[in-house]
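Participant: Before anything else, here's the structure in question.
The values are calculated or read from the model by the stated rules, or taken from the named source; none is laboratory data. Values in this document were obtained by computation on a predicted structure and should not be read as measured data. Ideal geometry is used to build each Cβ from the backbone, glycine not excepted, and the neighbour counts take in all protein chains shown. The protein model used for the area step is the full one, side chains on, heavy atoms only, and it has no ligands, DNA or RNA in it. Shrake-Rupley method; radii C 1.70, N 1.55, O 1.52, S 1.80 Å.
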Amino acid sequence: MSTSILIVEDEPAIRELIAVNLRHSGYLPLQAEDVASARVQIDTALPDLVLLDWMLPDQSGIDLARRLRSDPRTRELPIIMLTARAEESDKLAGFDVGADDYVTKPFSPRELMARIRALLRRRSPEATDDPVEVAGLRLEPDTFRVFGDGRPVELSPTEFRLLHYLMKHADRVLSRAKLLDNVWGDHVFIEERTVDVHIRRLRLALQASGHDRLIETVRGGGYRFLPA
Ligand code: CA
(Lines give C-alpha, C1' and ligand atoms only; values in the text may rest on other atoms or scores of the structure.)
Protein backbone atom coordinates (compact mmCIF):
# COMPACT_ATOMS: atom_id res chain seq x y z
CA MET A 1 0.00 0.00 0.00
CA SER A 2 2.43 2.55 -1.27
CA THR A 3 1.68 6.17 -0.57
CA SER A 4 1.30 7.89 -3.93
CA ILE A 5 2.58 11.40 -4.49
CA LEU A 6 1.72 13.39 -7.59
CA ILE A 7 4.51 15.71 -8.78
CA VAL A 8 3.13 18.56 -10.90
CA GLU A 9 6.21 20.22 -12.37
CA ASP A 10 7.06 21.21 -15.93
CA GLU A 11 10.85 20.95 -15.65
CA PRO A 12 11.72 17.30 -16.37
CA ALA A 13 15.04 17.42 -14.47
CA ILE A 14 13.40 18.62 -11.25
CA ARG A 15 10.51 16.20 -11.67
CA GLU A 16 12.90 13.29 -12.11
CA LEU A 17 15.05 14.36 -9.15
CA ILE A 18 11.99 14.47 -6.91
CA ALA A 19 10.69 11.15 -8.29
CA VAL A 20 13.99 9.40 -7.55
CA ASN A 21 14.01 10.73 -4.00
CA LEU A 22 10.39 9.75 -3.42
CA ARG A 23 11.08 6.24 -4.65
CA HIS A 24 14.07 5.98 -2.31
CA SER A 25 11.84 7.00 0.57
CA GLY A 26 9.33 4.26 -0.28
CA TYR A 27 6.69 6.44 -1.95
CA LEU A 28 5.09 5.90 -5.32
CA PRO A 29 5.81 8.96 -7.50
CA LEU A 30 3.28 10.00 -10.17
CA GLN A 31 4.16 12.74 -12.62
CA ALA A 32 2.32 15.50 -14.47
CA GLU A 33 3.93 18.24 -16.54
CA ASP A 34 1.00 20.65 -16.51
CA VAL A 35 -2.33 21.37 -14.82
CA ALA A 36 -4.40 19.56 -17.47
CA SER A 37 -2.48 16.33 -17.01
CA ALA A 38 -2.58 16.67 -13.22
CA ARG A 39 -6.36 17.04 -13.32
CA VAL A 40 -6.82 13.94 -15.46
CA GLN A 41 -4.68 11.93 -13.05
CA ILE A 42 -6.44 13.25 -9.94
CA ASP A 43 -9.84 12.56 -11.52
CA THR A 44 -8.81 8.96 -12.14
CA ALA A 45 -7.29 8.21 -8.75
CA LEU A 46 -6.69 10.39 -5.73
CA PRO A 47 -3.03 10.59 -4.78
CA ASP A 48 -2.09 10.85 -1.08
CA LEU A 49 -0.30 14.16 -1.57
CA VAL A 50 0.41 16.68 -4.35
CA LEU A 51 3.67 18.55 -4.91
CA LEU A 52 2.61 21.53 -6.94
CA ASP A 53 4.84 23.88 -8.89
CA TRP A 54 3.65 27.48 -9.01
CA MET A 55 4.63 28.31 -12.60
CA LEU A 56 3.19 25.78 -15.06
CA PRO A 57 2.74 26.13 -18.83
CA ASP A 58 -1.07 26.00 -19.06
CA GLN A 59 -2.33 27.43 -15.76
CA SER A 60 -0.69 28.41 -12.51
CA GLY A 61 -0.32 25.95 -9.66
CA ILE A 62 -2.31 28.41 -7.58
CA ASP A 63 -5.31 27.95 -9.89
CA LEU A 64 -5.11 24.19 -9.48
CA ALA A 65 -4.75 24.47 -5.68
CA ARG A 66 -7.83 26.68 -5.55
CA ARG A 67 -9.82 24.26 -7.67
CA LEU A 68 -8.77 21.27 -5.54
CA ARG A 69 -9.84 23.06 -2.37
CA SER A 70 -13.26 23.95 -3.78
CA ASP A 71 -14.17 20.35 -4.71
CA PRO A 72 -15.38 18.23 -1.77
CA ARG A 73 -13.60 15.20 -3.20
CA THR A 74 -10.18 16.87 -3.13
CA ARG A 75 -10.73 19.41 -0.36
CA GLU A 76 -8.51 17.57 2.09
CA LEU A 77 -5.80 16.51 -0.34
CA PRO A 78 -2.44 17.55 1.17
CA ILE A 79 -0.65 20.09 -1.05
CA ILE A 80 2.93 21.35 -0.90
CA MET A 81 3.66 24.27 -3.23
CA LEU A 82 7.05 24.29 -4.96
CA THR A 83 8.26 27.60 -6.23
CA ALA A 84 11.16 29.73 -7.29
CA ARG A 85 9.44 32.72 -5.76
CA ALA A 86 10.56 33.65 -2.31
CA GLU A 87 8.55 36.81 -1.81
CA GLU A 88 6.57 36.84 1.41
CA SER A 89 3.43 37.99 -0.44
CA ASP A 90 3.65 35.02 -2.81
CA LYS A 91 4.03 32.65 0.08
CA LEU A 92 0.92 34.12 1.66
CA ALA A 93 -0.98 33.77 -1.64
CA GLY A 94 -0.03 30.08 -1.61
CA PHE A 95 -1.39 29.56 1.90
CA ASP A 96 -4.44 31.64 0.99
CA VAL A 97 -5.61 29.14 -1.61
CA GLY A 98 -5.10 26.31 0.85
CA ALA A 99 -1.59 24.94 0.31
CA ASP A 100 -0.47 23.09 3.46
CA ASP A 101 3.20 23.86 3.08
CA TYR A 102 5.56 25.75 0.85
CA VAL A 103 9.07 24.89 -0.38
CA THR A 104 11.25 27.40 -2.20
CA LYS A 105 13.54 26.33 -5.04
CA PRO A 106 16.32 25.41 -4.96
CA PHE A 107 15.48 22.99 -2.15
CA SER A 108 17.39 20.06 -0.74
CA PRO A 109 15.67 16.73 -1.48
CA ARG A 110 16.18 15.78 2.16
CA GLU A 111 14.29 18.81 3.36
CA LEU A 112 11.48 18.14 0.88
CA MET A 113 11.18 14.51 2.06
CA ALA A 114 11.04 15.66 5.68
CA ARG A 115 8.25 18.13 4.85
CA ILE A 116 6.33 15.41 3.02
CA ARG A 117 6.62 13.02 5.95
CA ALA A 118 5.54 15.69 8.41
CA LEU A 119 2.53 16.67 6.32
CA LEU A 120 1.42 13.07 5.78
CA ARG A 121 1.63 12.43 9.52
CA ARG A 122 -0.51 15.47 10.11
CA ARG A 123 -3.04 15.03 7.34
CA SER A 124 -3.34 11.33 6.59
CA PRO A 125 -2.32 9.21 9.55
CA GLU A 126 -3.35 6.07 7.62
CA ALA A 127 -0.42 6.71 5.27
CA THR A 128 2.06 6.13 8.09
CA ASP A 129 3.19 2.79 9.42
CA ASP A 130 2.19 3.20 13.07
CA PRO A 131 0.23 0.23 14.48
CA VAL A 132 -3.37 0.96 15.38
CA GLU A 133 -5.43 -0.74 18.07
CA VAL A 134 -9.10 -0.50 18.94
CA ALA A 135 -10.79 -2.58 21.63
CA GLY A 136 -8.36 -5.51 21.34
CA LEU A 137 -8.21 -5.41 17.55
CA ARG A 138 -4.67 -4.60 16.47
CA LEU A 139 -3.42 -3.80 12.96
CA GLU A 140 0.29 -3.60 12.11
CA PRO A 141 0.86 -1.81 8.77
CA ASP A 142 4.59 -2.58 8.51
CA THR A 143 4.11 -6.34 8.83
CA PHE A 144 0.61 -6.53 7.25
CA ARG A 145 -0.70 -8.38 10.28
CA VAL A 146 -3.98 -8.13 12.17
CA PHE A 147 -4.75 -9.62 15.59
CA GLY A 148 -8.10 -10.02 17.29
CA ASP A 149 -7.47 -10.37 21.03
CA GLY A 150 -3.95 -11.58 20.22
CA ARG A 151 -4.99 -14.17 17.61
CA PRO A 152 -4.02 -13.65 13.97
CA VAL A 153 -6.77 -12.62 11.54
CA GLU A 154 -6.30 -13.53 7.86
CA LEU A 155 -7.21 -10.71 5.46
CA SER A 156 -6.74 -10.06 1.75
CA PRO A 157 -4.75 -6.91 0.84
CA THR A 158 -7.97 -5.01 0.04
CA GLU A 159 -9.66 -5.97 3.31
CA PHE A 160 -6.47 -5.04 5.13
CA ARG A 161 -6.44 -1.55 3.58
CA LEU A 162 -10.15 -1.17 4.21
CA LEU A 163 -9.80 -2.12 7.88
CA HIS A 164 -6.80 0.19 8.26
CA TYR A 165 -8.73 3.12 6.85
CA LEU A 166 -11.82 2.37 8.98
CA MET A 167 -9.73 2.08 12.17
CA LYS A 168 -7.87 5.30 11.44
CA HIS A 169 -11.15 7.12 10.94
CA ALA A 170 -13.09 5.57 13.80
CA ASP A 171 -16.39 7.17 14.79
CA ARG A 172 -16.80 8.95 11.45
CA VAL A 173 -19.46 8.04 8.91
CA LEU A 174 -17.60 7.07 5.74
CA SER A 175 -19.56 7.01 2.50
CA ARG A 176 -18.95 4.30 -0.08
CA ALA A 177 -17.55 6.94 -2.45
CA LYS A 178 -15.09 8.13 0.17
CA LEU A 179 -13.99 4.57 0.91
CA LEU A 180 -13.52 3.88 -2.80
CA ASP A 181 -11.40 7.00 -3.18
CA ASN A 182 -9.22 6.33 -0.18
CA VAL A 183 -8.99 2.55 -0.08
CA TRP A 184 -9.20 1.67 -3.76
CA GLY A 185 -7.75 5.02 -4.90
CA ASP A 186 -10.30 5.20 -7.66
CA HIS A 187 -13.87 6.41 -7.85
CA VAL A 188 -14.52 6.06 -11.56
CA PHE A 189 -14.19 2.43 -12.54
CA ILE A 190 -15.42 0.57 -9.48
CA GLU A 191 -19.05 0.22 -8.45
CA GLU A 192 -20.04 1.30 -4.98
CA ARG A 193 -21.47 -2.10 -4.10
CA THR A 194 -17.89 -3.44 -4.31
CA VAL A 195 -17.43 -1.77 -0.93
CA ASP A 196 -20.31 -3.78 0.53
CA VAL A 197 -18.80 -7.02 -0.73
CA HIS A 198 -15.49 -6.31 1.00
CA ILE A 199 -17.16 -5.10 4.19
CA ARG A 200 -19.05 -8.41 4.31
CA ARG A 201 -15.79 -10.37 3.93
CA LEU A 202 -14.09 -8.20 6.52
CA ARG A 203 -16.91 -8.79 9.03
CA LEU A 204 -16.68 -12.54 8.42
CA ALA A 205 -12.95 -12.51 9.08
CA LEU A 206 -13.46 -10.55 12.30
CA GLN A 207 -16.31 -12.71 13.57
CA ALA A 208 -14.11 -15.18 15.45
CA SER A 209 -12.96 -12.51 17.91
CA GLY A 210 -16.28 -10.67 17.85
CA HIS A 211 -14.73 -7.52 16.38
CA ASP A 212 -17.18 -7.53 13.48
CA ARG A 213 -19.50 -5.63 15.85
CA LEU A 214 -17.19 -2.62 15.49
CA ILE A 215 -18.23 -2.11 11.86
CA GLU A 216 -21.58 -0.39 11.80
CA THR A 217 -23.75 0.10 8.73
CA VAL A 218 -25.16 3.62 8.61
CA ARG A 219 -28.41 3.66 6.68
CA GLY A 220 -28.11 5.93 3.66
CA GLY A 221 -24.66 7.02 4.82
CA GLY A 222 -22.11 4.26 4.51
CA TYR A 223 -20.10 2.70 7.31
CA ARG A 224 -18.75 3.66 10.66
CA PHE A 225 -16.06 2.01 12.73
CA LEU A 226 -17.02 2.25 16.38
CA PRO A 227 -14.28 3.75 18.54
CA ALA A 228 -14.61 0.92 21.08
CA1 CA B 1 7.70 25.62 -13.46
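Participant: Which one is farthest from T104 (Cα to Cα), of the residues in the range 28-45 that are open to solvent by 30 Å² or more (accessible area, probe 1.4 Å) and away from the ligand (no atom under 16 Å from the Cβ)?
Facilitator: It comes out as T44.
Participant: Pick out, from the range 1-107, the helices (runs of 4 or more DSSP H) lying fully within it that include 3 or more residues that are among the aliphatic types (A, V, I, L, M).
Facilitator: Result: 12-24, 35-44, 61-70.
Participant: Condition test on L51, is it within 16 Å of the ligand (Cβ to nearest atom) and either open to solvent by less than 30 Å² (accessible area, probe 1.4 Å) or of a type in the set (G, A, S) (or both)?
Facilitator: In short, yes.
Residue by residue, here is whether (1) away from the ligand (no atom under 16 Å from the Cβ); (2) aliphatic (A, V, I, L, M) holds:
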| position | (1), (2) |
| --- | --- |
| I62 | no, yes |
| R67 | yes, no |
| A84 | no, yes |
| V97 | yes, yes |
| T104 | no, no |
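Participant: Given the conditions (1) at pLDDT 95 or above; (2) over 13 Å from G210 (Cα atoms), which single one is not true for F144?
Facilitator: (1)
Participant: Which residues, taken from the range 106-145, are open to solvent by less than 40 Å² (accessible area, probe 1.4 Å) and free of Cβ contacts under 8 Å to residues at least 24 places away in the same chain?
Facilitator: T128, E140
Participant: Still on this model: Does T158 meet the test of being farther than 17 Å from Y27 by Cβ, free of Cβ contacts under 8 Å to residues at least 40 places away in the same chain and open to solvent by less than 70 Å² (accessible area, probe 1.4 Å)?
Facilitator: Taking the combined requirement at face value, the residue does not satisfy it.
Participant: Shifting gears a bit: Collect the residues in the range 71-94 that are touching a strand residue (DSSP E or B) at 6+ places or on another chain (Cβ under 8 Å) and either surrounded by 14 or more Cβ atoms within 10 Å (Cβ to Cβ) or closer than 22 Å to L28 by Cβ (or both), keeping them in residue-number order.
Facilitator: Of everything in the range 71-94, those that are touching a strand residue (DSSP E or B) at 6+ places or on another chain (Cβ under 8 Å) and either surrounded by 14 or more Cβ atoms within 10 Å (Cβ to Cβ) or closer than 22 Å to L28 by Cβ (or both) turn out to be L77, P78, I79, I80, M81, L82, T83, R85, D90, K91, G94.
Participant: Next up: Mind checking which residues of the range 17-58 are over 20 Å from V103 (Cβ atoms) and of a type in the set (S, T, N, Q)?
Facilitator: Listed by number, the residues that qualify are S37, Q41, T44.
Participant: Further question on the same structure: With respect to G210, is the statement that it is more than 20 Å from G150 (Cβ to Cβ), more than 20 Å from the chain's Cα centre (by Cα) and touching a residue at least 12 places away in the same chain (Cβ under 8 Å) true?
Facilitator: In short, no.
Participant: If a residue must be open to solvent by 40 Å² or more (accessible area, probe 1.4 Å) and away from the ligand (no atom under 15 Å from the Cβ), how many such residues does the range 3-20 contain?
Facilitator: 1
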